[in-house]
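Peer 1: Dropping a structure here in structure tokens format, bear with me for questions.
Just so you know, all these numbers are worked out from the coordinates, no wet-lab data involved. Keep in mind the model is a prediction, meaning the values are calculated, not measured. Neighbour counts are summed over all protein chains in view; Cβ atoms, including those assigned to glycine, are modelled from backbone coordinates with ideal geometry.
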Amino acid sequence: MIKLFTLKQQKKDEESAGGNRTGAGGKKASAAQLRIQKDINELNLPKTCEINFPDDDDLLNFRLIISPDEGFYKGGKFVFSFKEPNPEDPLNKEAAEVLQTNRRLFEQNVQRSLRGGYVGATYFERCLK
């Protein structure tokens, strides 16, 4: 299990390290990384669930492990792997279509979601200053 820092703490660390960078490779944080960092920090998993990051610097690739403690599946273990979004095999087919047909609109939607606001009928809380 990984201990995750708040965005505020991460920003302080980045500023002291000299810029808006993430990970050991010094790459600039992507919109997806910023969004997942915010979502993970707000995540309250029940005791039967565990999230595992094989690479601490790659928050877009993780495993969710569910171990039911009651009912028919008690004692079982279910593992789900999640990988970085791929427009060829998307979870969000609508967003992938926009990415493939109108990249500028896609970028505007990403910025709108990060600044807080609606993209279509979905509201996103602000995660950028």
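Peer 1: What pairs come out if I take residues in region 97-112 that are at negative phi and surrounded by 13 or more Cβ atoms within 10 Å (Cβ to Cβ) and pair them with residues that are among the aliphatic types (A, V, I, L, M) and in a helix (DSSP H, G or I) whose C-beta lies under 6 Å away, six or more apart or interchain?
Peer 2: Between residues of region 97-112 that are at negative phi and surrounded by 13 or more Cβ atoms within 10 Å (Cβ to Cβ) and residues that are among the aliphatic types (A, V, I, L, M) and in a helix (DSSP H, G or I), the close pairs are VAL98/LEU105; PHE106/VAL98; PHE106/LEU99; VAL110/ALA31.
Peer 1: How about region 29-58: which of its residues are within 30 Å of LYS74 (Cβ to Cβ) and touching a residue at least 40 places away in the same chain (Cβ under 8 Å)? Give the steps one after another, and end with the answer.
Peer 2: Of all residues in region 29-58, those within 30 Å of LYS74 (Cβ to Cβ) come to 39-40, 42-54.
If the condition is that a residue be within 30 Å of LYS74 (Cβ to Cβ) and touching a residue at least 40 places away in the same chain (Cβ under 8 Å), then GLU50, ILE51, ASN52, PHE53 are the ones that fit.
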